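Some notes on the structure that comes next.
The values are calculated or read from the model by the stated rules, or taken from the named source; none is laboratory data. Just so it is clear, the structure is predicted and the values come from calculations on it, not from any experiment. Cβ placement follows ideal geometry from the backbone for every residue including glycine, while neighbour counts extend to all protein chains displayed.
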Amino acid sequence: MQHAQVPAQLDAVSDRLARSEDTLKFLIVDDHALVRYGLSLALRQRYQDVVIVEAGSLAEAMRKARSEPGLTAILYDLQMGDSDEHSGLADMLEVAGDVPLIVVSGATDGNVIASCIRAGARGFVHKGCEGGILDQALPIVLEGGIFAPAPPTPRDGRPVRIALTAAASPVRTESDAVNGLTERQREVLRLLLEGQSNKEIARALGVLEGTIKVHLRTVMQRLGVRNRTQLALATMKAGIKLSS
């Protein structure tokens, strides 16, 4: 099985998401305070509107996953001091529910990576990787896909399918949906994907900000997405040019 390659276009998408007006809320789970600090700092530097929740133990992480509404994703250390790595991950995934979980671990064994993905983790990022890898992983995972450093080859021989886009995307037919947009909706979408805020788009087009919100809601409904993260990736898959 060949190594999966992250599409080069995701670099541009990641930059646009970093300027998104959506509030992102991450739960960072690691029993080393310095690691939590580093991940928190990386996220705060990358995203302009982000909320960070930290947990230093599995028990604390499970409590916060239950009590913190609106979590965007969970970054989870596989080797927590108060749990076995396999049962701990299973417990955390059960509590996480629909919130995507990315394992952040020092493990390099393909069998370990495979077991995490099989258990239900939506991504695996090695602690020794460059910071840019997290920039690539997050858009993929938040869009509903799975991110791993490479398709693992576990010792038990059971293949694991690693998809860099959602296996069951909520977007039905992106190209058809985009073709059905009005010229004004396309213009709003193009400006949004260039990183402009609703207020900036309204000013550029000479309309009220409320009008822009209506256009965006219509575009998201047509493309079958719920937020700007999914919108950016769905648009990329549809082949829309992101600049004039």
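I'm trying to understand the selection: among the residues of the range 108-117, which are over 20 Å from the mean Cα position of the chain (by Cα), under 16 Å from Leu89 (Cβ atoms) and buried (at least 17 other Cβ atoms within 10 Å of the Cβ)?
Val112, Ser115
Does the range 172-179 include one or more residues that are farther than 30 Å from Leu223 by Cβ, outside the structural domain of Asp31 (by TED's automatic domain parsing) and at pLDDT below 85?
No, every residue in the range 172-179 fails to be farther than 30 Å from Leu223 by Cβ, outside the structural domain of Asp31 (by TED's automatic domain parsing) and at pLDDT below 85.
Which condition does Leu216 not pass, out of (1) modelled with pLDDT of 75 or more; (2) within 28 Å of Arg122 (Cα to Cα); (3) in a loop (DSSP other than H, G, I, E, B), if it passes all the others?
Every condition holds for Leu216 apart from (3).
To keep it simple, each residue is scored yes or no on (1) in the same structural domain as Lys25 (by TED's automatic domain parsing); (2) more than 30 Å from Thr235 (Cβ to Cβ); (3) over 20 Å from the mean Cα position of the chain (by Cα).
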| position | (1), (2), (3) |
| --- | --- |
| Gly70 | yes, no, no |
| Gln79 | yes, yes, yes |
| Ser83 | yes, yes, yes |
| Ser87 | yes, yes, yes |
| Gly106 | yes, yes, yes |
| Ala119 | yes, yes, no |
| Val125 | yes, no, no |
| Asp135 | yes, no, no |
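So which residues in the range 80-101 are of a type in the set (A, V, I, L, M) and either surrounded by 22 or more Cβ atoms within 10 Å (Cβ to Cβ) or part of a helix (DSSP H, G or I) (or both)?
Met80, Leu89, Ala90, Met92, Leu93, Val95, Ala96, Leu101
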